[in-house]
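Shown next, in structure tokens, is the structure this report addresses.
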Amino acid sequence: MLDETHPIMKLFGRPVLAFPSHLTLGGCLLLYCGLLAVLFWRMSKHQERCWRYWGGVVAVIVVFALYALSPS
């Protein structure tokens, strides 16, 4: 048996971190890529209002970056 001084026991004693589930992460990634794809597709169709879609791209990137930085 292992005693308390064994290095593996130090690893077992560490607190467990709570991460979001793989479904939440996958859904966020899918939503992020989907929104960017729609914005770039619309940008290619309506080139006269391209600046509006660039604003949307920046907004999507900022919102998802802030979500990623927030403790989930």
Quiz item: If you take the residues of region 33-72 that are part of a helix (DSSP H, G or I) and small (G, A, S), which of them is nearest to A18 (Cα to Cα)?
Solution: A68
Practice problem: Taking only region 3-27 into account, find how many residues are free of Cβ contacts under 8 Å to residues at least 40 places away in the same chain, of a type outside the set (A, V, I, L, M) and part of a helix (DSSP H, G or I). | Solution: 6
Quiz prompt | In region 19-32, the residues that are loosely packed, with under 12 Cβ neighbours inside 10 Å and modelled with pLDDT of 90 or more | solution = L23, G26, L29, L30
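The values are calculated or read from the model by the stated rules, or taken from the named source; none is laboratory data. Just so we're clear, the structure is a prediction, and the values are computed from it rather than from any experiment. Note: ideal-geometry Cβ built from the backbone for every residue, glycine included; neighbour counts use all protein chains shown.
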